[in-house]
């Protein structure tokens, strides 16, 4: 089964062969069900990526780059490619739930794995709560555009925005929790249909915009802020691509993980990039940049003011609502699988990782997280801490790029169904990925860094007080 390079202590490494063997043994004892294929996993990636970003963030990008926001989408995609390739290699080589947490355990040791796992718990939890809050806002926008009424502020907004409780956020989290508990097959089917629907909505926007409103005059001046504007917009737009890494959390439920995970990770990123570029071209060509920049719903504005289709706003609002639901489902799914992997390793209470024999899902864990996230979305101000999602994601990407290099050195002969090109003997692609990530991280506000530091300090204290003493790996070495 392999052995750890470090035998004990916080930097003990759980060998990749041991990780795989433990997973296979767990599956025989009633673990997660292998029930999804490459298409389901690709839809999982698309579901996690295409959300409010393309419906809203394009306006902010246009404000920074003008029509050259098209190039910003390309640049942001290129930035993601290096990390996506590294995720694909590690996911195919170590097809185990846990994503960056598991990869860090196999390369950098238990303490680093714990830190990234603790980081991902915050990142995914805050992201799910924030997306649920956004879902409530988009529900009101859809109701207003379509039927001319909206829910009262007292039940539609959290306390920080003049309400009492964000009831729509609680309802959608409860629905998603129920679906996740039902089973991965049901989750994959629901997500697949939502992905198809939102892609059709975006296809509708692209076709209508090009057919009725596109004008080359709207593309001039193309780059009013020059290269700096394009780069600044790319830094904002980068976060519209976050989510493809959620595919790797489904490793233990994939029927052929070594083949399907790389296809899904890279495939979902390619599809999302093509869609984003086409949407951005259609938007900036349909309405002048200033009008798009000033609109809170730029795609709806492009159809309404540019194409003269007033009912297009309702169509786009519905598409945004479905897109957000899909993101909520997939990100929440990813969080439960990371938490599951950490609990199975003993770093969290192991009893919460028990898989329900009927549904094949960690039901107790999923319900517990659902209650916590619903409360967070209903009552807690998220406007500030949501920035932690950005730094958490970048930190995970950083360790995954480094992990590829370390495994190439320590296990040069391990089976790698997918290999990052230009990664050996000089790890060019992973090093480029590291450089781009560090550049984006140093652009984040200081407040984000100190909040992140406080959260990690709490996590390190928890590890030494609980995780290290209950770690399965550490207990084996002590016995």
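Bear in mind these aren't lab numbers, they're just calculated from the coordinates by the rules spelled out. What you are looking at is a predicted structure, and each value in this text was computed from that prediction instead of being measured. Every residue, glycine among them, receives a Cβ derived from its backbone with ideal geometry; neighbour counts consider all protein chains shown.
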Estimate the FRET efficiency between residue 161 and residue 270 by the formula 1/(1 + (r/R0)^6), using the beta-carbon distance for r and 25 Å for R0, to the nearest 0.05.
0.10
For region 159-286, shape from the Cα gyration tensor axes a ≥ b ≥ c, cut at a/c of 1.5 then a/b versus b/c, turns out prolate
Cα gyration tensor shape of region 47-145, rounded if a/c is under 1.5, else prolate or oblate by comparing a/b with b/c
oblate
I need to check one value: relative contact order of the chain, counting alpha carbon pairs closer than 8 Å and at least 6 residues apart, in percent.
31
Between 0 and 90 degrees, rounded to the nearest ten: what's the tilt of helix 363-379 against the longest Cα principal axis of the chain?
40
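Please compute the length gained on full extension between residue 151 and residue 358, using 0.36 nm multiplied by the number of residues separating them and subtracting their Cα-Cα distance.
So the chain would gain 70.7 nm between residue 151 and residue 358.
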Roughly how far apart, in whole Å, are the Cα centres of region 333-408 and region 100-166?
13
Tell me, 212, 79 in order of fewest to most beta-carbon neighbours within 10 Å?
212, 79
Could you check the spin-label model distance between residue 11 and residue 375? Points 7 Å from the Cα along Cα→Cβ, value in nm.
3.8
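For a quick protection proxy, order the peptides 337-347, 164-174 by their average other-Cβ count within 10 Å, most packed first.
Packing order, densest peptide first, comes out as 337-347, 164-174.
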Given a Förster radius of 25 Å and the C-beta distance between residue 210 and residue 256 as r, what FRET efficiency does 1/(1 + (r/R0)^6) yield to the nearest 0.05?
0.05
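For 175, 86, 80, which order do you get if you count the other beta carbons within 10 Å of each Cβ and list the fewest first?
Starting with the residue having the fewest Cβ neighbours, the order is 175, 80, 86.
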Could you compute Rg(Cα) / (2.2 N^0.38 Å) for the chain, with N its residue count?
0.96
Note down the nm distance, to one decimal, between modelled labels 7 Å out along Cα→Cβ at residue 446 and at residue 220.
4.6
Can you tell me the 0 to 90 degree angle between the C-alpha axis of helix 184-212 and the longest principal axis of the chain, rounded to 10?
30
Over all viewing directions the Cα convex hull of region 294-388 casts an average projected area in nm² of 9.1
Which FRET efficiency, nearest 0.05, do residue 410 and residue 310 yield, Cβ-Cβ r, R0 60 Å?
0.50
How do 244, 379 rank when sorted from fewest to most other Cβ atoms within 10 Å of their own Cβ?
379, 244
Can you tell me the orientation of helix 16-28 relative to the chain, as the angle in degrees between its alpha-carbon axis and the longest Cα principal axis, to the nearest 10?
90
Counting only backbone N atoms under 12 Å from a point 7 Å out along Cα-to-Cβ of residue 439, the residues of region 277-293 in range are none
Label model pair residue 196, residue 460: point-to-point distance (7 angstrom along the Cα→beta-carbon line) in nm is 5.0
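Take the alpha carbon gyration tensor of region 214-256, find the square roots of its eigenvalues, order them as a ≥ b ≥ c, and report rounded if a/c is under 1.5; if not, report prolate when a/b exceeds b/c, else oblate.
Because a/c hits 1.5 or more and a/b exceeds b/c, region 214-256 counts as prolate.
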